[in-house]
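Q: Take this structure first; my questions come after.
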Amino acid sequence: MAEALHAVGRTRGMGELIDVEGKVTEIAPFGRTLAELAHERPEIVGLTADMGRYSDILPFRDAHPNRFFNVGMAEQDLIMIAAGMSKAGKIAYCTTYSVFITRRAYDFVSIACAHSMANVKIFAGMPGLVNGYGATHQATEDINMMRGIADLTIIDPCDATELKQVVRAVADIPGTVYVRSLRGKVPVELGSDYKFEVGKAKIIREGRDVGVISTGYMSARARDAADAAAGQGLDAAVLHVSTIKPFDKETVLSFAQRFDRLIVAENHKTTGGLATLVIEALYEAGIMKPLIKIGLADSFFECGSQEYLEAKYQVDLPRFVRAIVEGR
């Protein structure tokens, strides 16, 4: 399908698959899917902290205006109102930037939501270096922070295909869920046969030489790098870990044991996120082997385009290929 769309260079309407600079994308998959789901589930409400346009929830607002609430620039109020609505039988989908949820409303997520098993689904946009507005807007430590909250599910989708499935799935996941959401023109990377399952890691590319364990959109990049490395004689497998919590330790360990070398990749600091989870699991199982971490340093990051930032901070495609081929 991607090749066909590229060849004709056309769109198929608002929200459908489109071709942008050779990459198939989908417009606002979160908001459009939520709007569809809300027709089936009248208990769903949508909330934002003055980030409707920038979190892709506007399709839901347009379809269900009486079930949409903009609380203004008040993230703590956003979470508390959502928690209250859940007590009244609603499933509250909340949207804002991930950095504003984790730094401004952490206690409210922990106590008002997770502690109370509130049916609140937080779609936190622009995680890591996706946001070009610098350190004040870049949630590069959010997985580390949110992992510390008990009874909280954490999901980092790969692409538009998985994000749409996650939107539907979280409605039936008990309690509070934190999703590192993708917005705007979201790439379509996974096949139509891919099926998201909470708490289950999935192999998205088979290989025999190197094992890559990744999460979020870094899984698509890892697969691209594996394809590129294949031309240099290295065959890499990619395990996509979409659910950070609960962590699928069993699948990760089974995958890791197949390879002499491992790479862990994430759009997050290399401490406290996926790499830490993998290393802890390997150590506890008595598995010791070379492992390269591709992720962000313990630092604040500057402003710039995503492409510029990823190249500067060494999480781009060439870095992946070098790790696979050269082991460094």
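The values are calculated or read from the model by the stated rules, or taken from the named source; none is laboratory data. What you see is a predicted model, and the numbers here were worked out from it, not measured in a lab. With ideal geometry, Cβ positions are generated from the backbone for all residues, glycine too; neighbour counts draw on all protein chains shown. All accessible areas refer to the heavy atoms of the entire protein, side chains included, with ligands and DNA or RNA removed. Shrake-Rupley method; radii C 1.70, N 1.55, O 1.52, S 1.80 Å.
Q: Got a number for the accessible area of Lys312? Probe 1.4 Å, square angstrom, nearest 10.
A: Counting only protein heavy atoms, Lys312 exposes about 100 Å² to solvent.
Q: A follow-up question, please. In nm, to one decimal, how far is the Asp107 label point from the His39 one, both placed 7 Å along Cα→Cβ?
A: That separation, rounded to one decimal, is 4.3 nm.
Q: Evaluate the distance, in nm, between pseudo-label points positioned 7 Å from the Cα of Arg322 and of Glu284 along their respective Cα→Cβ axes.
A: Spacing of the two 7 Å Cα→Cβ label points: 3.4 nm.
Q: If you build a Gaussian network model of the chain, linking Cα atoms that sit under 10 Å apart, which residue out of Ala114, Ala88, Ala256 swings the most?
A: In this elastic network of the chain, the residue with the biggest mean-square fluctuation among Ala114, Ala88, Ala256 is Ala88.
Q: If you count only protein heavy atoms and use a 1.4 Å probe, how large is the accessible surface of Glu284, to the nearest 10 Å²?
A: Its heavy atoms expose roughly 130 Å² to the probe.
Q: Considering only protein heavy atoms, with the full assembly of protein chains and a 1.4 angstrom probe, order His137, His39, His240 by accessible area, largest first.
A: Per-residue accessible area, sorted high to low, gives His39, His137, His240.
Q: So for the pair Met73, Ala230, with labels modelled 7 Å out along Cα→Cβ, what separation do we get in nm?
A: Distance between label points: 4.9 nm.
Q: Round to the nearest 10 and report in Å² the accessible area of Ser299, as given by a 1.4 Å probe over the protein chains' heavy atoms.
A: 50 Å²
Q: Under 20 Å between alpha carbons, and skipping anything fewer than 8 positions from Lys289 in its own chain: which lysines qualify?
A: Lys249
Q: Taking the convex hull of the Cα atoms, report for the stretch 3-187 its projected area averaged over all directions, in nm².
A: 10.2 nm²
Q: On to the next question. Need one number for the chain: average projected area of the convex hull over its C-alpha atoms, nm².
A: 16.0 nm²
Q: For the chain, what proportion of DSSP beta bridges, expressed in % and rounded to the nearest 5, is antiparallel?
A: So the antiparallel bridges in the chain amount to around 25 percent.
Q: Can you list the GluC sites (Glu not before Pro) in the stretch 142-241 that are in a DSSP coil and have 13 or fewer other beta carbons within 10 angstrom?
A: Within the stretch 142-241, the qualifying GluC sites (Glu not before Pro) (loop, at most 13 other Cβ atoms within 10 Å) are Glu197, Glu206.
Q: Running a GNM on the chain with Cα contacts under 10 Å, which residue among Ala135, Ala225, Ala171 ends up with the highest mean-square fluctuation?
A: Top of the fluctuation ranking is Ala135.
Q: Report the full-extension gain for the segment Glu302 to Lys249: residue separation times 0.36 nm, less the Cα-Cα distance, to one decimal in nm.
A: Length difference between fully extended and current span is 15.7 nm.
Q: Give me the number: length gained by fully extending Tyr133 to His115, i.e. 0.36 nm times residue separation minus the C-alpha to C-alpha distance, one decimal in nm.
A: Value of the extension gain: 3.2 nm.
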